[in-house]
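Laboratory data are not the source of any read-out in this text; all were calculated from the coordinates shown. The structure displayed is predicted, hence computed values, not measured ones. Cβ placement follows ideal geometry from the backbone for every residue including glycine, while neighbour counts extend to all protein chains displayed.
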Amino acid sequence: MSNLKIAIILGSTRPGRNGKAVADWVLAKAKERTDADYELIDLADYPLPHLDEAVPPSAGIYSGEHTKAWSAKISEFDGYIFVTPEYNHSTSGVLKNAIDYLYTEWNNKAAAFVSYGGLGGARAIEHLRAISSELQLAHVRQQLSFSLMTDFENFSAFQPAPHHDDIAVVLFNQLESWAGALKTVRH
């Protein structure tokens, strides 16, 4: 599966966020792999206002320069790993907003999920799975869920348990496989 490009999208822009350490860990694990190129996309670098496009994203007609830049960036990739906190039993508002800005850019690509929170962020992932299905974004079964209780010292210093290493390998294998297969669908 040469030439696969996969984005690791950091879904929190909150000051003092735990997500940066989680996303950096995912990127470090991804860099050990040879079947895809991984890039970290930090939503803090793409300041999108609340969805402000007059035309629905499915039309692909964008007026805002911020939307055009976001579209161009997301279009570069064959797959995505969404790194999400769990806020109020769901994903972050900033990640949901960034996803909602686009439509065809997500279609027929693959997604995997990494979450963190009091219960490992599992409920945030469940919401992202439903959203991904609507966007024709195929999501893999394996996920990584980090608990604030056991994978963070004092709820802030990220220290993942060793068993996450093996889970990450399965997640990457599934994502790269699906991203490669869906690349043929798009071409």
Report for the chain the percent antiparallel among DSSP-assigned beta bridges with both residues inside it, nearest 5. 10
Between Ser115 and residues 5 or more places away or on another chain, which pairs have amide H atoms under 5 Å apart, with H built 1.01 Å from N, and which residues are they? Thr84, Leu144, Ser145, Phe146
Around Ile131, what is the net charge, scoring Lys/Arg as +1 and Asp/Glu as -1 over all other residues with Cβ under 15 Å from its Cβ? -1
Going by Cα centres, the stretch 8-28 and the stretch 106-127 are how many Å apart? 13
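Thr13: net charge of surrounding residues, Cβ under 14 Å, Lys/Arg +1, Asp/Glu -1, itself excluded?
Spelling it out: positives minus negatives among the neighbours equals +2.
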Enumerate the whole-percent occupancy of each 5 Å bin, from 0 to the last occupied one, for all C-alpha pair distances of the chain. 1, 8, 18, 22, 21, 16, 9, 4, 1, 0
Could you pull out the longest piece of the chain with no exposed loop GluC sites (Glu not before Pro) in it, calling a site exposed if DSSP puts it outside H, G, I, E, B and it has at most 14 other Cβ atoms within 10 Å? 77-187
Sorted peptide list for 160-171, 113-124, criterion being average Cβ within 10 angstrom, highest first: 113-124, 160-171
For the chain, what is the mean residue ellipticity at 222 nm derived from helices alone (per DSSP H run of n ≥ 4: -39500 (n - 2.57); sum divided by total residues; nearest 500 deg cm²/dmol)? -12000 deg cm²/dmol
